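Below is one structure; the comments refer to it alone.
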Amino acid sequence: MRVETTLTTLLASAATLFIVTSSSAQDSAAENAGSATGSEVTEPLNDIKLLAQQAALPSLKGENKFILRESWWSGNIAPGKAKLIQVQLFRRNMYRFWLAVPNQKAELNLNIYDSEGSLVPAETKLLEGEHIVSITVKPELTGVYYIRVSLKTTIDQPQDWAVIYAYR
């Protein structure tokens, strides 16, 4: 009887410890989500991401619509500097990326390169009256690609930025 009681107590303690540890790890992961600079982010929502999502809305409707991915990237970039985002793209899919910054005077560059460092042909569109640029690309091969985000020196201050993307 004592062995069964001791064993039951040990199992209950271990289960409680596991639940507390799992909960703490999830809480810690939730606190750290969205804090990465220039890396994939899934939470929290921010105003710059919302600008990009608003620009994406027309592409997400209709017969030949794009499907918005949950993944997005953000950070801060100085004028004249660039950031690279690594992304896996698949042949036969078409992708559209949107880059947004808060300052309407900021001039943006958004390009895509293959794993060899060659510029991939893409349709670039600057959304009029907006501080958002989009590119559309249909990769010839499945593989790793690099999205290059840069800010022209038309302004003096670094800018926060967000990139979202969709596929079809």
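The values are calculated or read from the model by the stated rules, or taken from the named source; none is laboratory data. All values derive from a computational prediction rather than experimental measurement. Glycine gets a Cβ as well: all are built from the backbone with ideal geometry, and neighbour counts include every protein chain shown.
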Item to check | Output for segment 79-94, where each listed residue is surrounded by fewer than 13 Cβ atoms within 10 Å (Cβ to Cβ) and in a loop (DSSP other than H, G, I, E, B) | outcome: 80, 81, 90, 91, 92
Next on the checklist: Go through segment 98-119 and report how many residues are within 18 Å of residue 141 (Cα to Cα) and outside any loop (DSSP other than H, G, I, E, B).
Outcome noted: 4
Next on the checklist: If I filter segment 126-136 for residues that are hydroxyl-bearing (Ser, Thr, Tyr), assigned by TED's automatic domain parsing to the domain that holds residue 60 and buried (at least 16 other Cβ atoms within 10 Å of the Cβ), do I get at least one hit?
Outcome noted: yes
Checklist entry - Looking at this structure, is residue 106 buried (at least 16 other Cβ atoms within 10 Å of the Cβ), in the same structural domain as residue 79 (by TED's automatic domain parsing), free of Cβ contacts under 8 Å to residues at least 60 places away in the same chain and within 15 Å of residue 66 (Cβ to Cβ)? => result no
Next on the checklist: If residue 119 meets every condition in (1) among the aliphatic types (A, V, I, L, M); (2) within 15 Å of residue 162 (Cβ to Cβ); (3) modelled with pLDDT of 95 or more apart from one, which number is that one?
Outcome noted: (2)
Checklist entry - In this structure, does residue 153 turn out to be among the β-branched types (Val, Ile, Thr), surrounded by fewer than 17 Cβ atoms within 10 Å (Cβ to Cβ), at pLDDT below 95 and outside any strand (DSSP E or B)? => result yes
Checklist entry - On the given criteria, is residue 140 closer than 19 Å to residue 66 by Cα and outside any strand (DSSP E or B)? => result yes
